[in-house]
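Just so it is clear, none of the values below were taken in a lab; they were calculated from the coordinates. Because the structure is a prediction, the values reported are computed rather than measured. Cβ: placed from backbone, ideal geometry, glycine included. Neighbour counts: every protein chain shown.
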């Protein structure tokens, strides 16, 4: 496999765009990434497009019908919340394999204000089990993941709440974030309970948005970078949920993350201590806390202490091992298919001192990682280095 | 023929196939004859742990008692679902866990003192959850604190 680099990135600020279409959002992100890379759509040889809610409607082709129908191969990817990052990985594999020198990945989603995700289905509603045989809705599922940590290690709701406070503080520095308001610990703890221990501010919002990346081989990078620093994709790992005892009733978000993380560190030849910043999948505050341990940022049982000691904060806020400078899914937003590419954009911007991250730059960042989990389950970990 | 007989039956219906109502309500599952893993989806084609195919499976009846592993208190749900309620993952002694509502426990108290819920011994109870389009009663199961 060959080395692959991220030459350009683009992102449409996460938010609500009822007046726009999915191909429009994806096309805007793609054009920004192409401009950032200094190439045109005619230079792209392969395109992987991640989108969930229009997965049967050829979103990738419809984006090319907006920005340039060059006839290249297009793969439309759907992999739950890991949709965007899986599309990115497909583009990575296409270049790493030697088949293509220039590939594009786009993640795009338009969710609108649709409320709770999960549960339900067709058929007679009398046989819907939601609320009758417990809850399969995401706030409860991830609430239970946090409660499992409480059970094992005595973690308190305040620990989860601190994660939300930190995320919102980070988001105030990110112009691409859907929400940019600060919240206090009291605000978070006293907010409306959605599913214990997740209050409203511990749940990510729904929204719309898009992100794109241009991936190139080393030869292509030499031709096109013009001296610009561009990160190498040091590891691109995708896992699914292995058999574990309760996975089918209590989705196990940890085992597949741990496996992906271990494989990514091995492939990149780095360890958790080398990581300068992490974008992880904080769909709920409870999820972030368990992923501190899953990604090896702290030892098992130490995640509560890790957040207490500002482990996940930007250095300017007195933290170390910063997590989610972007504000994360909790504040930046989580348009499902866009998230996985947007996380990688954020890491790239820190590693290249891109002005799009200028107010929240992690100083001297050399190694960053982006983690995404799609329930059902799929997990990606990408490690990028400069 | 069994399916046809069920279709004309006017009695109550279980909300999920792994709940059997006769002779008294109980849960059933399939057990892998090779590795012993238990699954609640009765139509499964193979064991996702060891790969044995369904020829090795046998149907087993599960205990009506268990212990709560974890829970959450749901405050926001679909229209028509009364909140707050407790959703729980219950470990059965047979080696499988099920998801269900935990009843007869105050949701607010559970949030205040989550520790009291962990490992709580519970037993299964059934109730009418809805009526389907044909007018059949739909039976669901829940867990409540066990007396012993």
- [ ] Name the one entry in A:192, A:180, A:228 that is surrounded by fewer than 22 Cβ atoms within 10 Å (Cβ to Cβ) and within 12 Å of chain B (Cβ to nearest Cβ).
- [x] A:192
Task: Residue list for the stretch A:287-320, restricted to those being surrounded by fewer than 15 Cβ atoms within 10 Å (Cβ to Cβ), in contact (Cβ under 8 Å) with a residue 60 or more places away in the chain and not in a loop (DSSP other than H, G, I, E, B) - done: A:308, A:317
TODO: For the stretch A:81-92, indicate whether the set of residues that are part of a loop (DSSP other than H, G, I, E, B) and touching a residue at least 24 places away in the same chain (Cβ under 8 Å) is non-empty.
DONE: yes
Task: Residue under evaluation residue A:194, criteria (1) touching a helix residue (DSSP H, G or I) at 6+ places or on another chain (Cβ under 8 Å); (2) part of a helix (DSSP H, G or I); (3) over 29 Å from residue A:106 (Cβ atoms), criterion not met - done: (2)
Task: Count of the stretch B:62-79 residues which are within 8 Å of chain A (Cβ to nearest Cβ) and without any contact (Cβ under 8 Å) to a residue 40 or more places away in the chain - done: 7
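Quick test for you: out of A:159, A:170, pick the one residue that is within 19 Å of residue A:304 (Cβ to Cβ), in contact (Cβ under 8 Å) with a residue 24 or more places away in the chain and assigned to a helix (DSSP H, G or I).
On the way: A:170 fails: within 19 Å of residue A:304 (Cβ to Cβ).
Only one candidate passes the filter, namely A:159.
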- [ ] Within the stretch B:5-56, count every residue that is assigned to a strand (DSSP E or B) and under 18 Å from residue B:98 (Cβ atoms).
- [x] 12
Open item on the list: Which numbered condition in (1) in contact with a helix residue (DSSP H, G or I) (Cβ under 9 Å, 6 or more places away or on another chain); (2) away from chain B (no Cβ under 14 Å); (3) farther than 25 Å from residue A:342 by Cβ; (4) assigned to a loop (DSSP other than H, G, I, E, B) is the only one that residue A:247 fails?
Closed with: (2)
Task: Condition broken by residue A:145, with the remaining ones in (1) at the interface with chain B (Cβ under 8 Å from one of its Cβ atoms); (2) in a helix (DSSP H, G or I) satisfied - done: (1)
- [ ] With a cut-off of at least 3 residues that are crowded, with 16+ Cβ neighbours inside 10 Å and within 8 Å of chain A (Cβ to nearest Cβ), name the strands (runs of 3 or more DSSP E) lying wholly within the stretch B:81-148.
- [x] B:85-92, B:96-102, B:137-145
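Select from the stretch A:131-142 the residues that are crowded, with 22+ Cβ neighbours inside 10 Å and either touching a helix residue (DSSP H, G or I) at 6+ places or on another chain (Cβ under 9 Å) or within 19 Å of residue B:129 (Cα to Cα) (or both) and write down the one among them that is farthest from the other protein chains (Cβ to nearest Cβ).
From the stretch A:131-142, those crowded, with 22+ Cβ neighbours inside 10 Å are A:131-132, A:134-135, A:137-142; that's our starting set.
Filter once more, so that each one left must be either touching a helix residue (DSSP H, G or I) at 6+ places or on another chain (Cβ under 9 Å) or within 19 Å of residue B:129 (Cα to Cα) (or both): A:131-132, A:134-135, A:137, A:139, A:142.
Values: A:131: 3, A:132: 4, A:134: 4, A:135: 4, A:137: 7, A:139: 7, A:142: 9 Å.
Going through the qualifying residues, I end up with A:142.
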Task: Residues located in the stretch A:250-279, provided they are surrounded by 18 or more Cβ atoms within 10 Å (Cβ to Cβ), touching a strand residue (DSSP E or B) at 6+ places or on another chain (Cβ under 8 Å) and either part of a loop (DSSP other than H, G, I, E, B) or on the phi > 0 side of the Ramachandran plot (or both) - done: A:250, A:253, A:270, A:275, A:276
Open item on the list: I'm trying to understand the selection: among the residues of the stretch B:28-61, which are loosely packed, with under 15 Cβ neighbours inside 10 Å, within 11 Å of chain A (Cβ to nearest Cβ) and either over 28 Å from residue A:148 (Cβ atoms) or over 19 Å from the mean Cα position of the chain (by Cα) (or both)?
Closed with: B:35, B:50, B:51
Open item on the list: So, in the stretch B:9-27, exactly how many residues are away from chain A (no Cβ under 14 Å) and touching a strand residue (DSSP E or B) at 6+ places or on another chain (Cβ under 6 Å)?
Closed with: 3
